[in-house]
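Below you'll find the structure, written out as structure tokens, and then a few comments.
Nothing in this text is a laboratory measurement; each read-out follows from the coordinates by a stated rule. The structure presented is a predicted model; accordingly, all values stated were derived computationally and were not measured. So basically every Cβ, Gly included, is an ideal-geometry build from the backbone, and we count neighbours across all protein chains shown.
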Amino acid sequence: MIEILSVLGPASVQDLGRFDQYRFGVGTSGAMDDIALRAGNILLANDENAAGIEIPMTPFKLRFGRDTAFALTGADAGADLGGRAIPPWWRSQARAGDVLSLKAMTRGARSYLTVGGGIDVPVVLGSRSTQLRGQLGGLHGRSLQPGDVLPCTAPDSSACIGELGTEPADIALARPNAPAGVTVVRVVIAGEYDMYDGVAQDLFWRSDWKVTPQSNRYGYRLQGPAVMPISPVEKRSHGIVPGVVQIPPNGQPIIQMRDAQTSGGYPKIATVIEADLWRIGQAGLGGKLRFEQTLYPDALAAQDEVSAYLDKLRVNVRRLEELRRCR
Amino acid sequence: MPIDTTDIERLAQILERSGVASIEIEENGQSLKLVMETEGPTVPSPALAALTGRSDGVANVAKADVAGIFVAAHPSRTKPFVEPGQAIEAGAIVGLVKIGRLYVPVLSPAAGIVDSIVAEAGATVGYGTPIVSVRSAA
């Protein structure tokens, strides 16, 4: 078990998401950076869907109730375990009573703590992810508070638990020629793209969009030049998914994220491809985003690239484990 | 399939366990010769050699325990794990060995002051290669 000692902001239990309830209006939730969660679970030889803790702000502190293998992935949060520095994208071993402290995020916006066996909160509607809007899943359907105790599944005791790190995803999956300080995400154009003229479309593609403080697990509200349609667009509410980029009447884009509602009525100009959603999850408040148009086949190729990175990680961890076990 | 560092590591372990001094293999036009050091690790660096003559402490050496590329700083950071003159605890991470996309830590065997970074960043290291020397109170 894990006891939360201090927490700032809405830290929550998340797995990869709740995917079978969309038709009932239940959104997916799930880790904002699914690659970081998967990588942590791979380092621990867990199921990749095992639940971890998504930590969006520091300082954050917790105590391990028993000897526990854990991994920290995602944002570099200046972590230490009982005073000993723990690098980012790292697996290590805590002893009962050890305190893990995340002091300050210097790169990225969300850190993920995964533990050997996974965080064992009840499965609700097929997932352990916290859904804040519906107050379900995770720990009592809410974000974590000091004093909370999270049960952990007993890990496979034969698992090797030496320290091990992996190449961070933002390095392994770096986009070529990405400008410094700007997160570039690939999008495919969406249903209402043609309701904007060339000038408005150009503004959408060329602007550096600022991530406003009204950005969270539900969606990211961006700030920049107003992107206005040729004539006002009125649509009935229709199905939307995480990644959809809407343009509300003020012309300032909203990117729907993991806790998005399942329907909405604003016109959709584009949709962020699945393979790049995690990049938005790691874009902090005040950061800059840029949209790059891509085509459906290229979106699939990008997803293959992510899968290849994770597959290689899985194979390499297993091989190295075999090697080190024979010592 | 080409011979990779993991295979070499595995072979080295087999040699060590079985007490065999050397092995040569050839496969698909590649050849590999492994010779075990029986006298303990050699001392390739003048900095490390100089250490043995010092009287103000005990020299400890953090060594690689796997074959790969020595990395002095975490890939997300520019600052190296340790720098000469820095006080560290036993078990502190003093560097990394990179194998493909994985990183294995090099740990300090003792508490003390970092004397020098013996290995060169980017160098290929193997089992037992000295990485960092640490001076401890005698």
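Around the Cα centre of the stretch B:46-136, unit charges on the Cβ atoms of Lys, Arg, Asp and Glu (plus for the first two, minus for the last two) sum to a dipole of about 220 debye. Net charge dipole, the protein assembly as shown: roughly 1180 debye, given to the nearest 20, about the Cα centre with Cβ charges of +1 for Lys and Arg and -1 for Asp and Glu.
Between beta-carbons, use under 14 Å as the cut-off and find the net charge around A:Arg236, counting Lys and Arg +1, Asp and Glu -1.
Combined, the nearby Lys, Arg, Asp and Glu give 0.
Peptide A:88-100 has a mean of 1 when you count, residue by residue, the C-beta atoms of other protein chains within 10 Å of its C-beta. Hydrodynamic estimate: the Kirkwood radius of the protein assembly as shown over Cα pairs, inserted into Stokes-Einstein at 37 °C and 0.692 mPa s, corresponds to D of 135 µm²/s. Helices in chain A, meaning DSSP H runs of at least 4 residues, each add -39500 (n - 2.57). Divided by all residues, the mean residue ellipticity at 222 nm is -5500 deg cm²/dmol. Along the charge dipole of the stretch B:46-136, pointing to its positive end and built from +1/-1 on Cβ of Lys, Arg, Asp and Glu, which listed residue (B:Gly128, B:Gly57, B:Gly95) has its Cα farthest out? Comparing the listed Cα positions along the dipole, B:Gly95 ranks first. Longer than 32 Å from Cα to Cα, which of A:Lys61/A:Lys268; A:Lys268/B:Lys98; A:Lys103/B:Lys98; A:Lys288/B:Lys63; A:Lys103/B:Lys63; A:Lys61/A:Lys288 are they? Say none if no pair is. The answer is A:Lys61/A:Lys268; A:Lys268/B:Lys98; A:Lys288/B:Lys63.
For the stretch A:23-115, the Cβ-based charge dipole about the Cα centre amounts to some 220 debye (Lys, Arg positive; Asp, Glu negative; other atoms uncharged). Global size of the stretch A:182-294: 12.6, 35 Å for Rg and Dmax (C-alpha atoms, Rg to one decimal, Dmax whole). Its alpha carbons considered, the stretch B:46-136 gives a radius of gyration followed by a Dmax of 12.4, 41 Å. For the stretch A:2-166, averaging the sequence separation of C-alpha pairs within contact (under 8 Å, six or more residues apart) and dividing by the residue count gives a relative contact order of 30 percent.
Along the axis of the charge dipole computed for the protein assembly as shown (Cβ charges of +1 for Lys and Arg, -1 for Asp and Glu, origin at the Cα centre), the listed residues A:Gln214, A:Ile86, A:Thr28 are led at the positive end by A:Gln214. Put the Cα centre of the stretch A:230-285 next to the Cα centre of the stretch A:129-186 and the gap is 23 Å. Viscosity 0.692 mPa s, temperature 37 °C: give me the Stokes-Einstein translational D for the stretch A:58-207 in µm²/s, with Rh taken as the Kirkwood radius over C-alpha pairs. After rounding, the answer is 177 µm²/s.
Please give the average number of partner chain Cβ atoms lying within 10 Å of the Cβ of each residue in B:94-106, rounded to a whole number. Walk me through the intermediate numbers first.
Working: counts 0, 0, 4, 0, 2, 5, 8, 13, 11, 8, 6, 7, 0.
Partner Cβ neighbours, averaged per residue: 5.
Shielding value for A:202-208 is 0, the average number of Cβ atoms from other chains within 10 Å of each residue's Cβ.
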